[in-house]
1. Average partner chain C-beta neighbours within 10 Å, per residue of B:243-256?
2. Straight-line reach from B:K233: which aspartates and glutamates have a Cα under 18 Å away, not including same-chain ones fewer than 8 places off?
3. Cut-off is 10 Å between beta-carbons; in what order do A:D181, B:D175 appear when sorted fewest neighbours first?
4. Partner chain Cβ atoms within 10 Å, averaged over the residues of B:165-171 - can you pull that number for me?
5. Identify, among A:L120, A:N76, A:Q188, the residue whose Cα sits farthest towards the positive end of the charge dipole of region A:2-209, taking +1 on the Cβ of Lys and Arg and -1 on the Cβ of Asp and Glu, with the dipole about the Cα centre.
6. Tell me, what are the semi-axes, in whole angstrom and largest first, of the equivalent ellipsoid of chain B as set by the roots of 5 times the Cα gyration tensor eigenvalues?
7. Among B:195-205, B:19-29, what's the highest-first ranking by average C-beta atoms within 10 angstrom per residue?
8. With an 8 Å cut-off on Cα pairs and a minimum separation of 6 or more residues, tell me the relative contact order of chain B in percent.
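Coordinate-derived values only; no laboratory data. Everything numeric here is computed off the predicted structure, so don't read it as measured data. Don't worry about glycine lacking a Cβ; one is built from the backbone with ideal geometry, like all the others, and counts go over all protein chains shown.
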Amino acid sequence: MKNFSNFLLGFVDRHLTPSDVREFLLKEYEVLRDSAAGGELAALTSFLARLGWVESESVTEEDLSYSESDINDAINWMERLESDNVIKGGVAVVGAGMNLDILDAFDSDMEWVRVQAQRLLQHVESRRLKSLTNFKTEINAQQIFAERTALSVFFSRYARRHGDLRFINTAFKLNEWLLVDYRRIQGQDLKIRFLLALAEQENSAKELQA
Amino acid sequence: MIRVVVLAPIDNSLYARLVCFRLRQESGVQLAGILVRSPWNLNRIRSEFTRDGTRLLRKVMDKWVRGDQRFSDQAGDNLMRLAERWELPFKTLKQLAAEYNIPRLVVSDHNHRRSEEFLNRIAPDLAVFTGGGLIRPNILSIPSLGILNCHTGILPQYRGMDVVEWTAAEGRMGDVGFGATLHLMDKGVDTGPILKNVGLEPGNWKSFSQIRAALEVSMVEMMLDGVRGFRDKTITPRPQNPNDGRQYYVMHPRVRAAAELQLLRQLKNG
């Protein structure tokens, strides 16, 4: 009985292993490399180099830092928020993932960012596949995909900056759900952004030994 | 005499059966009712599947299909061995309730209106929660002394899911350690006042399931101690500070693998 149940569970209990992620990333990178161009592809290349998966100049922590104008924009975004929280009653504010990442990179001791990160973590863990589908401003499926990708990047980086494994744990899950949408999503920029999110995940996993 | 009701996750729950069996033998304690959650609730299955994914299938296999047999291949102490030592004669709560003439109700959800009516009719001093999901304020407010829960981690540090594994993943086996916490339930997740923490003696733990099995045995004793403490008025709830702990969620297999490595490392280093 035990062997039979383990066989059944092994069949359905699927998740992405590190080698699955690596294989997927390199395969998609090869496809996009020939047709895409621009800063995000370069960023992906250097990220893959950092992971030791391609030969190229690798990205440094300094390359990942934000400019002063990015920081000012994020502070303005925070000050203009109508609510105290980026998510309330399952409804999220557009730009939360990206702006929280900028603010956390700027000052990793900000209590407000810490509270918002916890709220988003709880939201994603409790709503799972249905998380981040309702926004205060109406946005389309492509934009929702971009928002969820930005949140995944924020979680991976937050995990790394704060040594908090709970965030990489949720990033693993979020990226697995996003992978289902990736097949349907149009536009190379969005695809590259997701690949970058996966690379961020692997980078953090490597540092945190997860 | 203290009137106690037991809330059980399923009719064959060994944990619930052991607690009920022993409570029945305690002087000054009246096991006044047993509330059992029915496995057949589509909404709940859907929501648990959303939360736990395919882990839910493992839970179903273990609890419903394999039943007590799931303990048979475990080394060390576990609930089945405790049941053997105590010579527990009942395979289900239904049998136990019938034998001792204890009111028993099966509900689709512990928070259901029928549970509320059942509990109001019994008017327990204390409820003992042995599993079955989150408890809502309509039920929390009925037992005058509260609802006891035993959590498989050290509170306030480790709240929520998979906390045995999280303790290892975060390398806190030395300072926080594995253990269980008896507490009163409130509307949060493992945030209610603490009654007692019991740490597992550092041991030759080879797997998380072995640790959990050992904790489950302690949890039965802790529950009984909690009821005795309320009966004898020797136990004092200690409120938790929300900032003293973190909430943990279902662990992804990759983090679990890292946690297993940490456990093995600990084992190797003694």
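1. On the way: counts 0, 0, 0, 3, 5, 4, 10, 5, 5, 11, 6, 12, 9, 3.
Rounded to a whole number, the mean comes out at 5.
2. Counting by Cα, and skipping residues close in sequence, B:K233 has these aspartates and glutamates nearby: B:E26, B:D125, B:E221, B:D225.
3. Values: A:D181 16, B:D175 9.
Lowest to highest Cβ neighbour count: B:D175, A:D181.
4. Values: counts 0, 3, 0, 0, 6, 4, 1.
Neighbouring Cβ atoms belonging to other protein chains average 2 per residue here.
5. A:L120
6. Working: eigenvalues 165, 85, 76 Å².
Largest first, chain B gives 29, 21, 20 Å.
7. Numbers: B:195-205: 14.9, B:19-29: 17.3.
Peptide ranking by packing, descending: B:19-29, B:195-205.
8. Numbers: 461 pairs, mean separation 57.3, N = 270.
Dividing the mean separation by the residue count of chain B yields 21 percent.
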